[in-house]
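Okay, structure first, notes after.
The values are calculated or read from the model by the stated rules, or taken from the named source; none is laboratory data. Worth saying up front: this structure is predicted, and the values here are computed from it rather than measured. Here the Cβ positions follow ideal geometry from the backbone for every residue, glycine too, while neighbour counts run over all protein chains shown. Remember, those area values only see protein heavy atoms, side chains included, never the ligands or the DNA or RNA. Shrake-Rupley method; radii C 1.70, N 1.55, O 1.52, S 1.80 Å.
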Amino acid sequence: MAVIVVGSQKGGVGKTTIATNLAAWLVLQGAETLLVDADDQASASDFSAYREETRGSTGYTLVQINGSHVRKQVESLRPKYDHIVIDTGGRDTTSQRAAMYVCDVFVTPFNPRAYDLWTVPRLADLVDEVQSMRPTPMEAYSFINRADTRSLDNRQVSDALAEYQQLKFLPHPLTNRKAFANSAAIGLAVFEMEQPDPKAVAEIEALFNEITHGSYVTTPA
Ligand SMILES: Nc1ncnc2c1ncn2[C@@H]1O[C@H](COP(=O)(O)OP(=O)(O)OP(=O)(O)O)[C@@H](O)[C@H]1O
Ligand SMILES: [Mg+2]
């Protein structure tokens with residue numbers, strides 16, 4: 001059982017994309033899954049509404065929790081689910097901090113652009129601060145989202161991210177692919193599309209297997 005938080009101090013890096021795909025993927029593995037929308041923009045809730053329209057049901061339970069309540073409520077919901085995925089907003093908010101205190105795993109996407117990378121030191125400091133207040137350490141992972149297929153920068157960005165010991169760098173980037181945006185627009189995970197983009201599916205499965213320690217054998221629909 002794991003509580004997995006997707007967070008960052010930067011907006012628009014792909015948190016909701018990852019959180020919603022992860023929730024759908026855990027459901028596909030047969031896990032009783034709770035998706036917590038802890039962002040007041042409520043994108044994960046919007047995704048879930050489209051998902052219900054497209055599929056009839058989400059497959060997971062969705063709740064919206066904000067602010068410091070995240071901590072207590074997730075603690076009390078924990079025994080009811082196999083996995084809990086928490087989507088947070090792109091700022092250092094009370095919700096995100098509360099989620100980081102209560103989680104087992106924290107994952108943070110970075111886009112390979114300068115503006116995004118400039119936020120790494122601040123996030124690393126936040127991870128340090130949260131770790132120092134937790135009874136037991138969380139696992140904290142970074143990875144690259146929206147990697148450029150043609151850019152040679154990906155290597156440089158990987159090296160830069162790998163320098164931060166607070167955030168274990170996962171060498172499983174997600175490339176900038178239309179499939180991620182197109183599937184989200186209709187409330188589906190990339191692997192749930194009628195004609196899935198095999199490269200997008202392979203990327204997301206490699207990432208999710210790493211995040212969940214390969215504890216699942218993937219069986220895409
Ligand atoms: N790998 C990808 N390839 C193509 N488009 C992507 C990819 N990842 C995310 N996107 C698109 O980027 C935009 C931002 O993604 P998303 O909403 O997941 O970010 P976010 O971090 O949750 O943003 P916010 O901070 O506002 O909550 C969306 O339009 C999404 O479809
Ligand atoms: Mg979001």
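When Ala185 is tested against (1) open to solvent by less than 50 Å² (accessible area, probe 1.4 Å); (2) within 16 Å of ligand 2 (Cβ to nearest atom), just one condition goes unmet, and that condition is (1). Restricting Val27, Val6 to residues that are open to solvent by less than 10 Å² (accessible area, probe 1.4 Å), more than 8 Å from ligand 2 (Cβ to nearest atom) and at pLDDT 95 or above narrows the list to Val6. Give the residues of the stretch 155-166 that are open to solvent by less than 40 Å² (accessible area, probe 1.4 Å) and of a type outside the set (A, V, I, L, M), sorted by residue number. Matches in the stretch 155-166: Ser158 only.
Given the structure, is Val36 in a strand (DSSP E or B) and open to solvent by 30 Å² or more (accessible area, probe 1.4 Å)? Answer is no for this residue. The residues of the stretch 1-29 that are away from ligand 1 (no atom under 13 Å from the Cβ) and either free of Cβ contacts under 8 Å to residues at least 40 places away in the same chain or under 14 Å from Arg91 (Cβ atoms) (or both) amount to a single one, Val27. You will find that of Ser95, Ser57, Ser68, Ser76, the residue that is within 16 Å of ligand 2 (Cβ to nearest atom) and of a type outside the set (Asp, Glu) is Ser95 and no other.
Can you find even one residue in the stretch 136-143 that is more than 22 Å from Arg71 (Cβ to Cβ), in contact (Cβ under 8 Å) with a residue 24 or more places away in the chain and either in contact with a strand residue (DSSP E or B) (Cβ under 8 Å, 6 or more places away or on another chain) or among the aromatic types (Phe, Trp, Tyr) (or both)?
We begin by selecting, within the stretch 136-143, every residue more than 22 Å from Arg71 (Cβ to Cβ); these are 142-143.
Still in the list and also in contact (Cβ under 8 Å) with a residue 24 or more places away in the chain: 142-143.
If we keep only those that are either in contact with a strand residue (DSSP E or B) (Cβ under 8 Å, 6 or more places away or on another chain) or among the aromatic types (Phe, Trp, Tyr) (or both) too, we end up with 142-143.
Yes, the stretch 136-143 has at least one match.
So, Phe169, is that one surrounded by 21 or more Cβ atoms within 10 Å (Cβ to Cβ) and either of a type outside the set (S, T, N, Q) or touching a helix residue (DSSP H, G or I) at 6+ places or on another chain (Cβ under 7 Å) (or both) or not? Considered against the rule, which asks whether it is surrounded by 21 or more Cβ atoms within 10 Å (Cβ to Cβ) and either of a type outside the set (S, T, N, Q) or touching a helix residue (DSSP H, G or I) at 6+ places or on another chain (Cβ under 7 Å) (or both), Phe169 comes out as no.
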